[in-house]
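The values are calculated or read from the model by the stated rules, or taken from the named source; none is laboratory data. The structure displayed is predicted, hence computed values, not measured ones. Using ideal geometry, Cβ is built from the backbone for each residue, glycine included, and neighbour counts are taken over all protein chains shown.
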Amino acid sequence: MTHLWWRDGIIYQIYPRSFQDSAGDGLGDLPGITARLDYLAGLGVDALWLSPFYPSPDADFGYDIRDYCDVDPRFGRLADFDRLLAEAHRRGIRIVLDMVMNHTSDQHAWFQESRLDRTNPKRDWYIWRDRPNNWQAAFGGRAWTFDPQTGQVYLHLFTPRQPDVNWRNPAVRQAQLDAFRFWLARGVDGFRLDVFNAFFKHPDLPDNPPKLGLRGFDRQHHLYDIDQPEMMPLLQELRTLLDSYPERYAVGETYLATPEKVVSYCGPDKLHAAFSFDFTSTNLVYPWNPAWALQKIVAREQIFTAAGIWPTTVMSNHDLPRAASRYCRGEDDAQARLAMTLLLTLRGTPFLYYGEEIGMRDIRLRRSEILDPPGRKYWPFYKGRDGCRSPMQWDDTPAAGFSSGTPWLPVHPNWATRNVAAQEADPESLLHFTRRLIALRRATPALHGGSFVPLHGPAGVLAYLRRSEEQTILVALNFSRRDVRFPPPEGSWQVVFPVAGGDYPGQLGPQEILLAAKV
């Protein structure tokens, strides 16, 4: 098959305010990312997904946007973005932008006009009504807020400071698509669509039926606030726009995802891909259950293969506890290596969250230190998403080399020993392990484009084949803390990772990882 960067490559997610601060104000920025491009090129990633850097009052830390076509001055200027894009392209790295178009900030000029009075031309750019229905907000409380200026309530599926736009209004549709055109014209390679399947709501806004659940949002069947049929024509229109440029891409964050739902939104005339979040459940804590994981992988493969859709694989992101925090004990990286191998050898596009390559852990905060809105609301039952957003750990200098000032969030206490510089100096580190595995994946057609064949293994072992026309690779992962005998499938097998050379011995040591090629 022809190589496609978004299908065969690796996409690295950067949370800009936490990656590298060039100004000394404690907040990461676009020039900081540009300064680290050589590191990212050396890691071997093919694209960068940048979380929002647009102007925002930070009610949801960038996911409440005041202007879709500019850069927040705290992150730089449009000229800084253009330089980042040019320098990334010079290194063969694509740029994917986060587009948050279900809602805007309440400080967006559109909403400021919409709330002036009921006859304002932009009144219908948002969803207003006299009385609320029973819909609940994902961040807690009712999904409606009363606005005394006009005596009506407006809809917000997240915080009250993030009013939902009315995608049924043709003027809104045109304005939002114009934002895509703005960034495409600047040379952006793709987009990640935040909660895209919530863009449209049922036109009559009926009550959602009840169901059992722990909190208000979970106590409803979301029949009328997401997954409306009008989404399909919009995706077709967006795909036509993307296809008018060479090799452009869109991946969707599927709200309340299932594999079946994901494939319904993907295809030649819809999204290129969407997230199904098969390996990010916070219920997946140490130790792994390889039999359960294989069952989930096989079920996913059947659905995606039957639909002809290319999957994505995610272990961590800006909304979820880091994989190393979920699976590792203390500073032991054995389980992090297993998770990284799974991420980079399954069929599908891997999305690698910043810091995963060095095994960064979530930070722990006191209640008074929590910044994330749902964390503040639901503490101590839910402590929010700040933990996975701590500054990147570059070296053992103050603030881990992230900033010369005070970081916006604390760095992890382990920064002096767990950082890029320390792991660069250690050939056995997780960073070198990740870099070697990425290089192997890039050079091995069976790993980046081959089919998936599950294998039955003993307790504690997850094993499968990746197979292309010219080669077959065996992936064997021993999640247990004991030696396990695992005879390979019939034939001769040559070890290719972690150290190439020698025949496969038919046995795996505790928490051992082994990739072998059929010869």
Of all residues in the range 401-429, which are crowded, with 21+ Cβ neighbours inside 10 Å, assigned to a loop (DSSP other than H, G, I, E, B) and of a type in the set (S, T, N, Q)?
Ser403, Asn419
Here the residues within the range 55-84 that are closer than 14 Å to Asp189 by Cα and within 20 Å of the chain's Cα centre (by Cα) are none
Residue, surrounded by the fewest Cβ atoms within 10 Å (Cβ to Cβ), within the range 462-519, restricted to residues that are among the β-branched types (Val, Ile, Thr) and within 17 Å of Ala291 (Cα to Cα)
Val484
Going through Tyr354, Tyr378 one at a time, which residue ends up being buried (at least 20 other Cβ atoms within 10 Å of the Cβ) and farther than 23 Å from Arg467 by Cβ?
Tyr354
Please enumerate the residues belonging to the range 242-258 that are surrounded by fewer than 22 Cβ atoms within 10 Å (Cβ to Cβ) and in contact with a helix residue (DSSP H, G or I) (Cβ under 6 Å, 6 or more places away or on another chain).
Tyr245, Arg248, Tyr255
Based on this model, can you work out whether Val251 counts as more than 30 Å from Arg83 (Cα to Cα) and of a type outside the set (Ser, Thr, Tyr)?
no
Criterion first (at pLDDT below 95, among the small types (Gly, Ala, Ser) and within 22 Å of His221 (Cβ to Cβ)) does Ala257 satisfy it?
yes
Unique match (being in contact with a Ser or Thr (Cβ under 9 Å, 6 or more places away or on another chain), among the charged types (D, E, K, R), within 27 Å of Glu357 (Cβ to Cβ) and crowded, with 23+ Cβ neighbours inside 10 Å) among Asp29, Asp80:
Asp29
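Let's see how each residue does on (1) polar (S, T, N, Q); (2) over 25 Å from Phe277 (Cβ atoms); (3) in contact (Cβ under 8 Å) with a residue 12 or more places away in the chain:
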site	(1), (2), (3)
Gln174	yes, yes, no
Trp183	no, yes, yes
Leu193	no, no, yes
Lys201	no, no, yes
His221	no, no, yes
Glu237	no, yes, yes
Val251	no, no, yes
Pro259	no, no, yes
Val262	no, no, yes
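Being under 16 Å from Leu294 (Cα atoms) and among the polar types (S, T, N, Q) is the filter here; which residues of the range 313-349 pass it?
Thr313, Thr341, Thr345, listed by residue number.
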For the range 161-198, enumerate the residues that are part of a loop (DSSP other than H, G, I, E, B), more than 23 Å from the chain's Cα centre (by Cα) and surrounded by fewer than 19 Cβ atoms within 10 Å (Cβ to Cβ).
Arg168, Asn169
Note: among Gly405, Gly359, Gly375, just one is in contact (Cβ under 8 Å) with a residue 24 or more places away in the chain and in contact with a Lys or Arg (Cβ under 7 Å, 6 or more places away or on another chain), namely Gly359
Using the structure shown, decide if Ser480 is assigned by TED's automatic domain parsing to the domain that holds Asp386, in contact (Cβ under 8 Å) with a residue 12 or more places away in the chain and either in contact with a Ser or Thr (Cβ under 6 Å, 6 or more places away or on another chain) or farther than 25 Å from Thr305 by Cα (or both).
no
Could you check the range 296-394 for helices (runs of 4 or more DSSP H) lying wholly inside it with 2 or more residues that are closer than 26 Å to Leu514 by Cβ, out of contact with any strand residue (DSSP E or B) (no Cβ under 7 Å at 6 or more places or on another chain) and not hydrophobic (A, V, I, L, M, F, W, C)?
323-327
